[in-house]
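Trainee: The structure that follows is given in the form of C-alpha cells.
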Amino acid sequence: MEDPFKSVADSKISISELMLPSHSNFSGKIHGGYILSLMDQIAFAAASKYSGYYCVTASVETVDFLNPIEVGELVTLKASVNYVGNSSMIVGIRVVSENIQTGQQKHCNSSYFTMVAKGPDGKTTKVPRLLIKTQEDVRRYFKCLKMIAQKKEKDLHESAINPYSTEVMELLQGHRVIVDLGV
C-alpha cells in the first residue's frame, strides 16, 4: 500500500495569548525564552496534527527577534508543516504581536523547527507524504530544501576544518582573541 498524503492545510494551527507581566524580562519586555517555549509548543502541535504521532524537536533554525513584545499585547503564532522527510517535518512558525487597543501589529519573528515523529514504541516512524496545493506551499517547500542544502554544506565545511592546524591559528590572528593553549 502506498504512503498516504496530507496537505499543508492539514497541519495549520494558530494560538494567541495575552502577554502578562509574569512573562516579562528585567527590561519590561516579554522574555525571548517564553516566546521560544510557545514556538516549541506550536511546532509540536502542527507536527503531531499532521503526522498523527507524538513528535519531538530535533533542531531549531535561527530565531531573530525582530521587534520587542510588550506586556499587554496579544501574541499570535501561526505554524504549518512546510516539508516532510521520512520521519521528520520542518514546521514554519510566524510570530505577530498586536496592540489590542490600537490594532497595530508587528512581525516579531519567524523560525523553522525540525520535528521528528515517534511511534508508540518510541522509535522514529514514517509520516504522510506532503500534498502541495498552492504556490505559497511550493515557495515554502523550496525554502526548506535550500535550508537543508545549506546545513549539509555547513556541516561538510566544518568537518573539513582542523582546529589545531597552523592555518587556523594564523586566521585567528586578525580577531579579538588571544590563543593560549598552554603548550
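Trainee: Under 26 Å between alpha carbons: how many lysine pairs meet that in segment 1-136, if sequence neighbours fewer than 8 apart on the same chain are excluded?
Mentor: Taking the Cα cut-off of 26 Å, the pair count is 25.
Trainee: About the Cα centre, and with charges only on the beta carbon of Lys, Arg (+1) and Asp, Glu (-1), how big is the dipole of the chain? Nearest 20 debye, please.
Mentor: 600
Trainee: While we're on this one: Specify the residue with the greatest mean-square fluctuation among THR166, THR57, THR114, computed from a Gaussian network of the chain linking alpha-carbon atoms under 10 Å apart.
Mentor: THR166
Trainee: Could you tell me which residue out of HIS175, VAL63, ILE15 lies farthest along the dipole of the chain toward its positive end? Charges go on the beta carbon: Lys and Arg +1, Asp and Glu -1, centred on the Cα centre.
Mentor: Sorting the options by dipole projection puts first ILE15.
Trainee: Next up: Would you mind working out the accessible area per residue for the chain, using a 1.4 Å probe, and quoting it in Å²?
Mentor: Working: 11780 Å² over 183 residues.
So the chain comes to 64 Å² accessible per residue, rounded to a whole number.
Trainee: Return the loop-located chymotrypsin sites (Phe, Trp or Tyr not before Pro) in segment 49-87 (DSSP other than H, G, I, E, B) with at most 14 other Cβ atoms within 10 Å of their own Cβ; answer none if there are none.
Mentor: Numbers: sites: TYR50, TYR53, TYR54, PHE65, TYR83; in loops: TYR53, PHE65.
Passing sites in segment 49-87 are PHE65.
Trainee: Then there's this: What's the carbon and sulfur percent of the chain's accessible surface, probe 1.4 angstrom, rounded to a whole number?
Mentor: Details: 6420 of 11780 Å².
Solvent-exposed carbon and sulfur of the chain make up 54 percent of the total.
Trainee: Enter the Cα centre distance for the pair segment 36-111 and segment 139-183, rounded to the nearest angstrom.
Mentor: 28
Trainee: Then there is this: Suppose accessible area is computed on protein heavy atoms with a 1.4 Å probe; arrange PHE26, PHE113, PHE5 from highest to lowest. Please list the in-between numbers first.
Mentor: On the way: PHE26 225, PHE113 5, PHE5 105 Å².
So, going from the largest accessible area down, we get PHE26, PHE5, PHE113.
Trainee: How would LEU131, LEU74 rank on accessible area, largest to smallest, probe 1.4 Å? Walk me through the numbers on the way to the answer.
Mentor: Numbers: LEU131 75, LEU74 50 Å².
The ranking, largest first, comes out as LEU131, LEU74.
Trainee: So how much accessible area does HIS23 have, in Å² to the nearest 10, using a 1.4 Å probe?
Mentor: Approximately 20 Å² for this residue.
Trainee: Right, here's the next one. Out of residues 5 or more away from TYR54 or on other chains, whose amide H comes under 5 Å of its own, with H placed 1.01 Å from N in the peptide plane?
Mentor: LYS118
Trainee: Report the net charge of residues surrounding ILE42, where surrounding means a beta-carbon distance below 12 angstrom and charges are Lys +1, Arg +1, Asp -1, Glu -1.
Mentor: On the way: positive: LYS12, LYS49, LYS78, ARG94; negative: GLU17, ASP40.
Neighbourhood net charge equals +2.
The values are calculated or read from the model by the stated rules, or taken from the named source; none is laboratory data. Because the structure is predicted, anything quoted here is derived from the model rather than measured. Virtual Cβ from ideal backbone geometry, glycine too; neighbours counted across all protein chains shown. When the accessible area is computed, the model is the full protein with side chains, heavy atoms only, and any ligands, DNA or RNA have been set aside. Shrake-Rupley method; radii C 1.70, N 1.55, O 1.52, S 1.80 Å.
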